[in-house]
Amino acid sequence: MSSQPPTKLGRYRQLSPRASIHVSPLALGLGAMAFGDKHVNMGMAAMDNDAVFNLLDAFFEAGGNHIDTANAYQEGDSERIIGEWAEKRGCRDQLVIATKYTRPASLGDASIKRHDQYLGNSLKSMKLSIEISLKNLRTDYIDIFYVHLWDYHTSVEEMMDGLHNLVVSGKVLYLGISDCPAWFVVKANDYAKANGKTPFVVFQVSYSVLQRDIEREILPMCRHEGIALAVFRVVAGGKIRTDAEEERRRVSGDKGRATFGPWERTPDEKKMCDALEVVAQQVGAKHITAGPSSLCFELAPHVYPVIGGRHVEQLLANIEALEISLSDEQMAYIDGILPFDKGFPANFIGEYGKYPPVLGHYAVFDYPPLLRPVAHTK
């Protein structure tokens with residue numbers, strides 16, 4: 001048996017310092033939001049079972065094992081289709097399946113008239129949600145169970161005690177959180193560590209060259225705390241495209257996602273895409289989407305872009321990011337196209353990992369470099 005994977009998607013990495021489970025460097029995720037047809041009225045695309053099975057087959061055959069979904073995606077259809085596929089292929093235990101709770105898991109059940117107990121972070125919502133997800137996914141455990149977003153009301157103690165009990169029960173292996181302030185994650189993990197509970201090991205966030213907000217607080221926090229980053233919307237909801245691709249979509253009518261605004265690009269978005277096209281040509285990439293995904297790996301040692309798409313061709317284009325490596329000059333070039341202001345306190349005390357410039361007036365400091373990302377091209 002050859003140890004060489006079919007693609008570099010099969011070169012696995014430890015999820016995070018606190019989680020030694022090994023995952024593919026790219027997770028198949030935002031595509032899972034389109035696994036079904038319940039969200040068409042929200043501007044999302046739709047996929048029938050055959051199309052989803054083809055995409056999952058291609059991902060698995062290329063070496064991918066990390067699949068990300070949520071209980072509310074497509075009113076539960078996303079989980080159900082993934083569960084059916086994994087059962088039919090007999091590969092459940094070869095996968096790292098992540099799902100989430102907080103949004104109502106009850107929407108796919110017409111018999112449920114009131115959804116208030118099925119949403120939020122409460123213990124009851126947690127219990128109802130995990131049972132529905134286990135049933136949908138046709139499994140008795142979840143590899144990574146995310147808090148989809150903090151509801152601003154559930155206490156750290158209630159949330160972390162409940163999640164820890166799911167781990168102790170064997171229904172969940174690892175914990176993640178998404179869409180919340182950085183300070184809340186630190187507070188939750190400090191409570192967990194001080195009280196013998198299970199901490200969050202991965203933080204799922206939105207990030208792209210067009211939306212860099214996490215560089216202010218979330219990225220330094222994750223580096224400091226040893227928390228992995230699963231980043232979605234890496235290609236800005238499909239906005240990272242060439243002029244030719246945009247024209248093709250305009251003519252064909254297959255325009256793209258309109259959930260977060262108009263599908264066409266703004267002048268600034270076009271400016272960034274032009275720069276990415278230049279870099280793609282320099283590194284020999286066939287798709288300009290390879291650059292944004294490759295840049296994500298440079299953020300920190302444990303970063304996993306959550307890729308989407310409805311077609312196998314889009315999946316293969318995403319995998320191309322594992323074949324290229326950007327130079328410091330190319331990354332600086334992209335960085336300078338749309339300058340990003342990190343604001344206070346970074347613009348006052350300096351970057352994380354260094355010493356505040358004001359201290360440099362009084363002494364000279366040598367400091368160790370931050371841990372480097374995994375070199376995925378070797």
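The values are calculated or read from the model by the stated rules, or taken from the named source; none is laboratory data. Quick caveat, the model's predicted, so the values are computed rather than measured. Note: ideal-geometry Cβ built from the backbone for every residue, glycine included; neighbour counts use all protein chains shown.
Here are 133, 125: which of them is in contact with a Gly (Cβ under 9 Å, 6 or more places away or on another chain), polar (S, T, N, Q) and assigned to a helix (DSSP H, G or I)?
Residue meeting the stated conditions: 133.
Sort out which residues of segment 1-23 are part of a loop (DSSP other than H, G, I, E, B) and in contact with a strand residue (DSSP E or B) (Cβ under 9 Å, 6 or more places away or on another chain), and write them in order of number.
Hits for segment 1-23 are 12, 17, 18.
For residues in segment 69-86 being assigned to a helix (DSSP H, G or I) and among the hydroxyl-bearing types (Ser, Thr, Tyr), which is surrounded by the most Cβ atoms within 10 Å (Cβ to Cβ)?
Step by step, filter segment 69-86, then rank; the result is 78.
Every residue in segment 87-103 that is basic (Lys, Arg), in a helix (DSSP H, G or I) and within 23 Å of residue 75 (Cβ to Cβ), please.
88, 92
Would you please name the residue that is nearest to residue 29 (Cα to Cα), looking only at residues in segment 67-95 that are among the hydrophobic types (A, V, I, L, M, F, W, C), touching a Leu at 6+ places or on another chain (Cβ under 8 Å) and touching a residue at least 40 places away in the same chain (Cβ under 8 Å)?
Ranking the candidates gives 67 first.
So residue 360 ticks every box in (1) touching a residue at least 12 places away in the same chain (Cβ under 8 Å); (2) assigned to a helix (DSSP H, G or I); (3) farther than 23 Å from residue 243 by Cα but one. Which box is left unticked?
(1)
Being within 22 Å of residue 314 (Cβ to Cβ), modelled with pLDDT of 95 or more and of a type in the set (A, V, I, L, M) narrows it down to one of 67, 21, so name that one.
The conditions single out 67.
Within segment 136-155, which residues are outside any loop (DSSP other than H, G, I, E, B) and over 23 Å from the mean Cα position of the chain (by Cα)?
none
Determine if segment 111-119 includes at least one residue that is farther than 23 Å from residue 10 by Cβ, in contact with a Ser or Thr (Cβ under 9 Å, 6 or more places away or on another chain) and basic (Lys, Arg).
For segment 111-119, residues farther than 23 Å from residue 10 by Cβ, in contact with a Ser or Thr (Cβ under 9 Å, 6 or more places away or on another chain) and basic (Lys, Arg): present.
What is the residue count in segment 136-182 for residues that are closer than 25 Å to residue 109 by Cβ and without any contact (Cβ under 8 Å) to a residue 12 or more places away in the chain?
2
Just give me the residues in segment 225-251 being out of contact with any helix residue (DSSP H, G or I) (no Cβ under 9 Å at 6 or more places or on another chain) and within 21 Å of residue 373 (Cα to Cα), in sequence order.
226, 230
If you go through segment 104-122 one residue at a time, how many are hydroxyl-bearing (Ser, Thr, Tyr) and not in a loop (DSSP other than H, G, I, E, B)?
1
Can you tell me which residue among 162, 196, 176, 170 is of a type outside the set (Phe, Trp, Tyr), touching a strand residue (DSSP E or B) at 6+ places or on another chain (Cβ under 8 Å) and either buried (at least 20 other Cβ atoms within 10 Å of the Cβ) or at pLDDT 95 or above (or both)?
Going through 162, 196, 176, 170 in turn, the sole match is 176.
Residue-wise test of (1) crowded, with 22+ Cβ neighbours inside 10 Å; (2) among the β-branched types (Val, Ile, Thr); (3) over 21 Å from residue 150 (Cα atoms).
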residue: 187; (1), (2), (3): no, no, no
residue: 214; (1), (2), (3): no, yes, no
residue: 252; (1), (2), (3): no, no, yes
residue: 276; (1), (2), (3): yes, no, yes
residue: 286; (1), (2), (3): no, no, yes
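Of the residues in segment 98-121, how many are farther than 12 Å from residue 71 by Cβ and crowded, with 19+ Cβ neighbours inside 10 Å?
2
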